[in-house]
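S.K.: Quick one: this structure, given as structure tokens, is what I'll be asking you about.
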Amino acid sequence: MKPFLSHSPEETEAFGRRIAEQLKGGEVLALFGPMGMGKTAFTRGVCAGLGITSGVCSPTFALVHCYEGRFPVYHFDMYRVDGWDDLSSTGYFDYLESGGVLIIEWSENIEAALPETAVRITIEPGEKENDRIFTIEGL
């Protein structure tokens, strides 16, 4: 898939909705990129595309939020995860077998634990302040 350029949070959410149309359940969407790149906005879009219309926010302090839509969505924030014990305590390994869609912010912190089939989504800044470049591998 060629890179996608978003110029705003609204375009990022719309892109997430388009990605949701391709999901069949069981996917792991591994998000990579620095703080403020729109990982949560992208997740809101994916969730909206799966019929989840409210309550999507960053799971920074909860570590995981669960949403019900066309498929269950498990939204992880791995920013503070440091090591296998921390990762295991999130329930991550159990969620992998759930058949739901996992969306993982800060996947760089758990890269060794990502399944080979994970869809890798890298978000980088563009030329202008609100520009974001999305590169997707594996979808």
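S.K.: Tell me, which residue of the range 1-15 that is in a loop (DSSP other than H, G, I, E, B) and over 14 Å from Gly45 (Cβ atoms) is most open to solvent (accessible area, probe 1.4 Å)?
M.R.: Lys2
S.K.: Hey, does the range 65-77 have a residue that's open to solvent by less than 20 Å² (accessible area, probe 1.4 Å), outside any strand (DSSP E or B) and in contact (Cβ under 8 Å) with a residue 24 or more places away in the chain?
M.R.: There is no residue in the range 65-77 that is open to solvent by less than 20 Å² (accessible area, probe 1.4 Å), outside any strand (DSSP E or B) and in contact (Cβ under 8 Å) with a residue 24 or more places away in the chain.
S.K.: Regarding the range 37-49, can at least one residue be identified that is of a type in the set (S, T, N, Q) and within 12 Å of the chain's Cα centre (by Cα)?
M.R.: Taking every residue of the range 37-49 in turn, at least one turns out to be of a type in the set (S, T, N, Q) and within 12 Å of the chain's Cα centre (by Cα).
Conditions tested, residue by residue: (1) open to solvent by less than 50 Å² (accessible area, probe 1.4 Å); (2) in a loop (DSSP other than H, G, I, E, B); (3) of a type in the set (A, V, I, L, M).
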{"site": "Ser54", "(1), (2), (3)": "no, yes, no"}
{"site": "Tyr79", "(1), (2), (3)": "no, yes, no"}
{"site": "Asp85", "(1), (2), (3)": "no, no, no"}
{"site": "Phe93", "(1), (2), (3)": "no, no, no"}
{"site": "Gly99", "(1), (2), (3)": "yes, yes, no"}
{"site": "Ile103", "(1), (2), (3)": "yes, no, yes"}
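S.K.: If Val56 satisfies all but one of (1) farther than 21 Å from Phe4 by Cβ; (2) at pLDDT below 90, what's the number of the condition it fails?
M.R.: Exception for Val56: condition (1).
S.K.: In the range 116-139, what count of residues is obtained for those that are closer than 15 Å to Leu23 by Cβ and assigned to a loop (DSSP other than H, G, I, E, B)?
M.R.: The qualifying residues number 4.
The values are calculated or read from the model by the stated rules, or taken from the named source; none is laboratory data. Quick caveat, the model's predicted, so the values are computed rather than measured. Cβ sites come from the backbone with ideal geometry, for glycine too, and all protein chains shown count toward neighbours. For accessibility, only protein heavy atoms count, side chains too; no ligands or nucleic acids. Shrake-Rupley method; radii C 1.70, N 1.55, O 1.52, S 1.80 Å.
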